[in-house]
1. Within region 140-166, list the residues whose amide N lies under 11 Å from a label point set 7 Å along Cα→Cβ of residue 203.
2. Where does the charge balance sit around residue 118 when Lys and Arg score +1, Asp and Glu -1, over other residues with C-beta under 11 Å from its C-beta?
3. If the limit is 23 Å between Cα atoms, which of 164/230; 180/238; 14/238; 14/146 go over it?
4. Only four residue types carry charge here, +1 at the Cβ of Lys and Arg and -1 at the Cβ of Asp and Glu. Report the dipole size of region 1-95 about the Cα centre in Debye, rounded to the nearest 20.
5. Only four residue types carry charge here, +1 at the Cβ of Lys and Arg and -1 at the Cβ of Asp and Glu. Report the dipole size of region 172-242 about the Cα centre in Debye, rounded to the nearest 20.
6. Please give the net charge around residue 92, taking every other residue with its beta carbon less than 10 angstrom from that of residue 92, where Lys and Arg add +1 and Asp and Glu add -1.
7. Once the other residues with Cβ under 15 Å from the Cβ of residue 236 are scored (Lys, Arg +1; Asp, Glu -1), what is the net sum?
8. Contour minus end-to-end for residue 126 and residue 47, with contour as 0.36 nm per residue of separation and end-to-end as the Cα-Cα distance?
Amino acid sequence: MDILMLGTGSAFAKTFYNNNALVYSEGRTLLIDCGHTAPRALHRLGIPLADIDAILVTHIHADHVGGLEELAFQYSLIYKTRKPLYVADTLVSPLWEHTLRGGLQQEDNHSLEDYFDVRPLREGEAAELLPGLTAELLRTEHIPGKKSYSVLLNGTFFYTADMKFDPDLLRRLVYERGVKTIFHDCQLHAPGTVHACLPELLTLPEDLQERIRLMHYGDDQPNFIGRSGKMTFVEQHKRYTI
Ligand SMILES: [Zn+2]
Ligand SMILES: [Zn+2]
């Protein structure tokens, strides 16, 4: 599979777009998370919304779901289509009731299903989202009291989305489940209260660091190039083969 980040910025970054990804498999495209900057990033890259075949949401924060209202309206009004929307079963109701309903509810449209082909995912159960692309949601810690998920793609590529430092999970994934590549969110400065921070990630053994690429970083990321141990930074708008 290939992956291209629409953005690699933290929730507060201004020089980077939101940390959202396009994953390509067998000629089809999955959008992982759709923050408020996603429509602008797609426009900048010249990628029409029609090219997205399915959407996966990891958790409910504006840098991950803030662009869904626009996609819903564009797919409904302009493209006349309902795209598959994969989301944890626990988040289907909150996504509509707490985030999207305010903008999307209208006379004939009363639910998320009126805009998307909603496909709930169960934690720990791999599902085929596109031909040749399976995804398994793993519940990971991000904000106390908030459900948030990371994604294991094709059993070998771990995409954290947003999570706190969890070295035991990373070890299990690499040593027991055969994960080869990890795209990890990275707050550049300590303390890492709701994200892993770079000083924490630098405590990992080198053989783990070599598998990790850093994303979801702040605007001062250029100051940290060459200071991330064996880990390298993912660059937005660059396509990587995994
Ligand atoms: Zn985020
Ligand atoms: Zn978040």
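Since every read-out is calculated from the coordinates, none of them should be taken as a lab result. Since we're looking at a predicted model, the values are computed, not measured. Using ideal geometry, Cβ is built from the backbone for each residue, glycine included, and neighbour counts are taken over all protein chains shown.
1. Residues 165-166 qualify, since their backbone N sits under 11 Å from the label point.
2. Values: positive: 82, 83, 119; negative: 89, 113, 114, 117.
Net local charge, residue 118 excluded: -1.
3. Numbers: 164/230 20 Å; 180/238 20 Å; 14/238 19 Å; 14/146 25 Å.
Exceeds cut-off: 14/146.
4. In total the dipole reaches around 240 debye.
5. So the magnitude is around 300 debye.
6. Working: positive: 119; negative: 89, 97, 113.
Spelling it out: positives minus negatives among the neighbours equals -2.
7. Neighbourhood net charge equals 0.
8. Full extension from residue 126 to residue 47 adds 25.6 nm.
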